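**Student:** Have a look at the structure that comes next, please.
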Amino acid sequence: MVVNVPNPQSTKSQILMRKLYLIALCVMAPELIYQAALGQWLSSHRSVKLFRDAGHPDWNVRHGFYADMGGFHLQCPDWKSFPIDAKQPHYLVVHKYVESPKLQDGHI
């Protein structure tokens, strides 16, 4: 399961508490963790298919997971940046609002 990228303002204790919460959830309700992980896996693979169908073969499963965990942020004029999921970069690239991310797997 992919855990979201922590907020830069998060303290070490906040990050630790989120991890402990996830561990407790794994112990008490493993089926929920399995369903969440399966949903993330499906979303990532769907995004790869969307990008490949649109003629962008460089997008891979790792990019999809990275997007779904909040790794890509959209910076709009006159608005603070916000994370986007794996479907949203596809829309932005296909409609030529942004270029396809040129991110190597080693940088993720």
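Readers should treat all values here as calculations from the given coordinates under stated rules, not as data from a laboratory. The shown structure was predicted, so the numbers you read here are calculated from the model rather than taken from an experiment. No Cβ is skipped: glycine too gets one built from the backbone with ideal geometry, and neighbour counts run over all protein chains shown.
**Student:** With only Lys, Arg, Asp and Glu charged, each at its Cβ (+1 for the first two, -1 for the last two), find how big the charge dipole of the chain is about the Cα centre; round to the nearest 20 debye. Write down the numbers at each step before the final one.
**Tutor:** Numbers: 11 positive and 8 negative charges, 26 e Å.
Approximately 120 debye in magnitude.
**Student:** What number, in percent, do you get for the relative contact order of the chain if the mean sequence gap of Cα pairs under 8 Å and at least 6 apart is divided by its residue count? Could you put the intermediate results ahead of the total?
**Tutor:** Numbers: 94 pairs, mean separation 24.9, N = 108.
With pairs under 8 Å counted, the relative contact order is 23 percent.
**Student:** Which one, 92, 29, 14, is farthest towards the positive end of the dipole of region 12-100 when Lys and Arg carry +1 and Asp and Glu -1 on their Cβ?
**Tutor:** 14
**Student:** Let me make sure I get this right: for the chain, a, b and c are the square roots of the gyration tensor eigenvalues over alpha carbons, sorted descending. Under 1.5 in a/c it's rounded, otherwise prolate if a/b > b/c, else oblate. Which is it? Could the numbers behind the result be given before it?
**Tutor:** On the way: a/c = 2.51, a/b = 1.46, b/c = 1.72.
Here the chain falls in the oblate category.
**Student:** Here's another thing I want to ask about it. Sort 56-65, 36-45, 78-87 for me by packing, meaning the mean count of neighbouring Cβ atoms within 10 Å per residue, highest on top.
**Tutor:** Working: 56-65: 18.0, 36-45: 14.6, 78-87: 12.7.
In descending order of packing, they fall as 56-65, 36-45, 78-87.
**Student:** Relative to the longest principal axis of the C-alpha atoms of the chain, give the angle of the C-alpha long axis of helix 30-53, reported between 0 and 90° and rounded to the nearest 10°.
**Tutor:** 10
**Student:** Amide H neighbours of residue 74 under 5 Å, counting only residues 5+ apart in sequence or on other chains, H built in-plane at 1.01 Å?
**Tutor:** It is 82, 84, by chain and number.
**Student:** If you don't mind, there's one more thing I want to ask. 222 nm [θ] for the chain, helices only, -39500 (n - 2.57) per DSSP H run of 4+, per residue, to 500? If you can, show how the numbers build up before the last one.
**Tutor:** Working: 4 runs with 57 residues, N = 108.
Result for the chain, helices only: -17000 deg cm²/dmol.
**Student:** Rounded to the nearest 10 degrees, what's the angle between the helix 12-28 long axis and the longest principal axis of the chain, both from Cα atoms, 0 to 90?
**Tutor:** Relative to the chain, helix 12-28 is tipped by roughly 80 degrees.
**Student:** Classify region 38-100 as rounded, prolate or oblate from the Cα gyration tensor: take a ≥ b ≥ c as the square roots of its eigenvalues, call it rounded if a/c is under 1.5, otherwise prolate when a/b beats b/c and oblate if not. Show your work: numbers first, answer last.
**Tutor:** Details: a/c = 2.56, a/b = 1.30, b/c = 1.97.
Since a/c reaches 1.5 but b/c is at least a/b, the shape of region 38-100 is classed as oblate.
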